[in-house]
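Since the structure comes first, as C-alpha cells, the remarks are kept for the end.
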Amino acid sequence: MATVALAGHLANKIITKHGVISIIYVKSASYSTDGTPNIAAYKRGTGGRSSFNGIVATVFGCTGFVGRYVCNKLGKIGTQMILPYRSDFYDANRLKVCGDLGQVLFTPYDIRDEESIAKAVKYSNVVINLVGRDYETKNFKYMDVHVDGPRRIARICREMGVERFIHLSYLNAEKNPQPLVLKKPSMFKISKYLGECAIKEEFPTATIFRASDIYGSEDRFLRSIASGWRSHSNLFPLYKNGLKTVKQPVFVSDVAQGIVNAVRDPDTRCQVYQAIGPKRYLLADLIDWFYKLMRKDGKLGYKRYDMKYDPIFPLRVAAANILSPAYPFGGLHWEGLEKESTTDRPEDGVPTLEDLGVCLTHMEDQVPWELKPFRAYQYYYDKIGEFPKPPPPKVQEA
C-alpha cells in the first residue's frame with residue numbers, strides 16, 4: 001500500500017492482486033507554512049473523548065478555577081491539550097484525566113519567559129488565556145498578570161502562527177473606575193481594561209470574554225461570602241448594606257462551555273462576549289438567601305449592615321492579609337470587596353453566552369448545592385420537611 005496526495009486530500013492507494021487500483025479519500029489535510037501536510041492535524045474518530053477533533057489547544061491558567069472546567073470540556077470533545085504550568089507539577093497532574101491517553105501534555109512555563117511561552121504554543125492552533133489574579137503578591141502585580149503577561153502571550157502566538165486566541169477578561173473593567181470601597185480607583189479593573197487593549201493590539205482577531213462574578217465549586221464568590229473571615233458572628237458588613245449593588249453572577253460551567261463553543265466557531269473571531277448570568281439580583285437579597293440556605297439566619301443572629309459603621313472590619317481585613325504571606329485568609333481583601341460592591345452593567349448590543357448556544361444555569365438550581373457544605377450543624381440528620389426551602393431572591397429588572 002502506498003500513499004499519494006490528491007487534490008489536497010490524503011489518499012490511500014491499494015493495488016489488488018487483479019491490478020485494480022482502489023483509492024480511499026480521507027479528510028483534507030492542513031498544511032504547514034512550507035507547504036507540507038501536517039499529518040497530526042487529521043481529525044480521527046466520531047467526535048467523543050477518544051477521538052481527535054483536529055484542535056490542539058494551549059490553555060494558560062489551566063490549573064485555575066475556570067481553567068479546570070475548560071480543560072474538562074475540551075477533553076470531552078477530543079481536543080489535544082498542551083497545559084503550561086508553574087510551581088509544583090502535581091497541581092496540574094490531575095488534569096491528565098481530562099483527555100484520552102496521550103492527548104494531555106504538560107510543559108513548565110513562566111509568564112515572563114518568552115522561550116517557555118513559545119514552546120507551549122508552538123504546535124497549537126488555539127490558545128486560551130485564563131491567567132488572572134484576584135489579589136497582588138510581592139512577585140506578581142496586577143499589571144504583570146493582566147497586561148504585560150497577556151500582551152507577551154498574544155504577541156508570541158501571532159509570531160508563531162496560532163490561528164485562534166481567546167482571552168478571559170472582566171465585565172466591569174474600565175479605564176477610569178469610580179472608587180466605592182477603596183480610596184483610589186481599582187487597579188484590578190484598570191489592569192483588566194488595559195489587558196483587553198493589549199490583546200487587541202497584539203492579536204486583532206482575538207475573541208474576548210468579559211465575565212461577571214463566576215460561581216461554582218472552589219470559586220471565590222460564594223466561598224468568600226460563606227467564609228468565617230468575611231462575617232463576624234454572622235454579622236455581615238456590606239457596602240451600603242448591599243442595597244446599592246446589583247449582581248448578575250454566572251455559573252462557571254456556562255463560561256467554560258461558551259469558551260469551547262467559541263473555539264469551534266470561526267465566526268467568533270474579533271468578537272467580544274459578555275459572560276453573564278440569566279438574572280440580576282440585589283446583593284442584599286443574595287446574601288440573605290445564601291444565609292438562609294446555610295441555615296445561619298434566625299436563631300444564629302444573622303444581620304447585615306453598612307460596613308462604614310464598623311470600625312473593627314478594617315482591622316479584620318488587615319489581619320487576613322498580614323497573617324498569610326501567600327494569600328488573604330477567606331479571600332478577604334480590599335480589591336475583592338471593591339469587586340463585590342460593584343454593580344454589573346452589561347453593555348447593550350454586545351453578544352452574550354446565549355449567542356454562543358449556551359443554555360444558562362439559574363442560581364436557584366445550582367447555589368443550594370454549592371452552599372450545602374457550609375450549612376450550620378452539617379452533621380445533623382434533619383427530617384424531610386423540617387427545614388423549609390427558602391424562597392429565591394427577588395429578580396431585578398435589567
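Here are the numbers:
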{"quantity": "Residue, least open to solvent (accessible area, probe 1.4 Å), within segment 369-396, restricted to residues that are assigned to a helix (DSSP H, G or I) and closer than 20 Å to Lys299 by Cβ", "calculated": "Phe374"}
{"quantity": "Enumerated strands (runs of 3 or more DSSP E) restricted to segment 266-348, each holding at least 3 residues that are more than 20 Å from Glu364 (Cα to Cα)", "calculated": "272-275, 303-306"}
{"quantity": "Count of segment 42-61 residues which are closer than 12 Å to Val126 by Cβ and not in a loop (DSSP other than H, G, I, E, B)", "calculated": "5"}
{"quantity": "Answer residue from segment 62-87, given it is open to solvent by less than 20 Å² (accessible area, probe 1.4 Å) and assigned to a loop (DSSP other than H, G, I, E, B) and is farthest from Met160 (Cα to Cα) among those", "calculated": "Gly78"}
{"quantity": "All positions within segment 321-368 that are among the aliphatic types (A, V, I, L, M) and open to solvent by 30 Å² or more (accessible area, probe 1.4 Å)", "calculated": "Ile322, Leu323, Ala326, Val350"}
{"quantity": "Residues of segment 88-130 classified as open to solvent by 20 Å² or more (accessible area, probe 1.4 Å) and assigned to a loop (DSSP other than H, G, I, E, B), total", "calculated": "13"}
{"quantity": "The listed residue being more than 30 Å from Leu332 (Cβ to Cβ) and touching a residue at least 24 places away in the same chain (Cβ under 8 Å), out of Tyr135, Tyr85, Tyr123", "calculated": "Tyr123"}
{"quantity": "Segment 61-81: number of residues that are of a type in the set (D, E, K, R) and more than 10 Å from Asp100 (Cα to Cα)", "calculated": "2"}
{"quantity": "All positions within segment 260-288 that are over 30 Å from Thr79 (Cα atoms) and open to solvent by 10 Å² or more (accessible area, probe 1.4 Å)", "calculated": "Lys279, Arg280, Leu282, Asp285, Asp288"}
{"quantity": "Single residue of Val317, Val358 found to be in contact with a helix residue (DSSP H, G or I) (Cβ under 7 Å, 6 or more places away or on another chain) and either of a type in the set (D, E, K, R) or without any contact (Cβ under 8 Å) to a residue 40 or more places away in the chain (or both)", "calculated": "Val317"}
{"quantity": "Candidate set from segment 159-193 (those that are of a type in the set (A, V, I, L, M), closer than 20 Å to Trp334 by Cβ and within 22 Å of the chain's Cα centre (by Cα)); member that is surrounded by the most Cβ atoms within 10 Å (Cβ to Cβ)", "calculated": "Leu171"}
{"quantity": "Single unsatisfied condition, Met294 versus (1) buried (at least 18 other Cβ atoms within 10 Å of the Cβ); (2) of a type in the set (A, V, I, L, M); (3) under 29 Å from Lys141 (Cβ atoms)", "calculated": "(3)"}
{"quantity": "Considering residues of segment 303-320 that are within 30 Å of Ala398 (Cβ to Cβ) and not charged (D, E, K, R) only, the residue surrounded by the fewest Cβ atoms within 10 Å (Cβ to Cβ)", "calculated": "Tyr305"}
{"quantity": "Filter result for Ser217 (at negative phi, at pLDDT below 95 and surrounded by fewer than 22 Cβ atoms within 10 Å (Cβ to Cβ))", "calculated": "yes"}
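The values are calculated or read from the model by the stated rules, or taken from the named source; none is laboratory data. Bear in mind that the values here come from a model prediction, so they are computed numbers and not experimental data. With ideal geometry, Cβ positions are generated from the backbone for all residues, glycine too; neighbour counts draw on all protein chains shown. Surface accessibility is based on the protein's heavy atoms, side chains included, excluding ligands, DNA and RNA. Shrake-Rupley method; radii C 1.70, N 1.55, O 1.52, S 1.80 Å.
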